[in-house]
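The values are calculated or read from the model by the stated rules, or taken from the named source; none is laboratory data. Remember, predicted model here, so these are calculated numbers, not experimental data. Because the Cβ atoms are built from the backbone with ideal geometry, glycine has one as well, and the counts that use them run over all protein chains shown.
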């Protein structure tokens, strides 16, 4: 396997370097390869413990090695190991469960409504805890081609994905590359960009012990600035946003699993189950137990 060139393992590249590294990897793939197959997950099976679920679509593109994972297809969980020339598309609220036993280099795309987060993950296999990750993001809220491609994929998946869906996924990759290497047609305000990056980080790391201070250190900014961004850009407090993301995840788990509340709380970043229940009732107006006994199809899984 060819690993990423750049700063030494453990040293984080700056934002410009990260963007260049990701763009180069994607451009090299599109120039030298074609998508032969795309696996499309669906929502036919409830997610197992430790599965990865987001409220927005995701795309995995292996560059080297095989990206083994479990995902639901056609009413049952399937074990797959896509390699170069293959991809995996997971729609919003569907799940997959990666297995990092094998060495792999993979591009992952988090296809949010306001921005697309892209991570280049280089894992050496053997279930090691550390992997090299290079992250960047691109604004997509006002990019018509990217949004139309995603809408077309969603429409096809409501029927049955076929060759056209595979071509659309490849078109989406070209659209992402265009956004990565082209000039920004609509320059977002710095505060808005920073706020959206903070939101994406919370959505990806809600299970961790997130505090205003820890997130501020991660982004190299003052803790007070984190609070100011959430007040001015998101019209809410930082802690309220973290709780919103966690409670929406809890609602999903409660609607799909019969596991103890202590496990639900732990999977959502709460060490104290009593505190979790208080926060849940404050946001949802009923207790977690009452929510679990409701029809899961009535739950609102959207997170801001």
Here the qualifying pairs (Cβ atoms under 7 Å; residues six or more apart or on different chains; first in segment 118-138 and at pLDDT below 80; second in a loop (DSSP other than H, G, I, E, B)) come out as 125/100; 125/101; 125/102; 125/103; 126/101; 127/100; 127/101
Considering only strands (runs of 3 or more DSSP E) wholly within segment 28-125, the ones with at least 1 residues that are on the phi < 0 side of the Ramachandran plot and under 18 Å from the mean Cα position of the chain (by Cα) are 37-40, 58-65, 69-73, 86-90, 95-98, 104-111, 115-123
Looking across segment 139-150 at residues that are at pLDDT below 80 and out of contact with any helix residue (DSSP H, G or I) (no Cβ under 7 Å at 6 or more places or on another chain), the single one that is nearest to residue 89 (Cα to Cα) is 147
The condition from (1) part of a helix (DSSP H, G or I); (2) under 20 Å from the mean Cα position of the chain (by Cα); (3) farther than 18 Å from residue 50 by Cβ that residue 210 misses is numbered (1)
Answer with yes or no whether residue 204 is crowded, with 20+ Cβ neighbours inside 10 Å and under 21 Å from residue 135 (Cα atoms). no
Considering segment 244-265, residues that are without any contact (Cβ under 8 Å) to a residue 24 or more places away in the chain and buried (at least 16 other Cβ atoms within 10 Å of the Cβ), and then whichever is farthest from residue 46 (Cα to Cα), we arrive at 265
Scanning segment 99-116 for residues that are surrounded by fewer than 18 Cβ atoms within 10 Å (Cβ to Cβ) and free of Cβ contacts under 8 Å to residues at least 60 places away in the same chain, the one nearest to residue 57 (Cα to Cα) turns out to be 113
Among (1) surrounded by fewer than 20 Cβ atoms within 10 Å (Cβ to Cβ); (2) closer than 30 Å to residue 261 by Cα; (3) in contact with a strand residue (DSSP E or B) (Cβ under 9 Å, 6 or more places away or on another chain), residue 68 falls short only on (2)
Residue 153 meets each of (1) touching a helix residue (DSSP H, G or I) at 6+ places or on another chain (Cβ under 7 Å); (2) more than 20 Å from residue 24 (Cβ to Cβ); (3) at pLDDT 90 or above with one exception, condition (3)
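Quick check on my filter: what residues within segment 85-98 are touching a strand residue (DSSP E or B) at 6+ places or on another chain (Cβ under 6 Å) and without any contact (Cβ under 8 Å) to a residue 60 or more places away in the chain?
86, 88, 90, 95, 96, 97, 98
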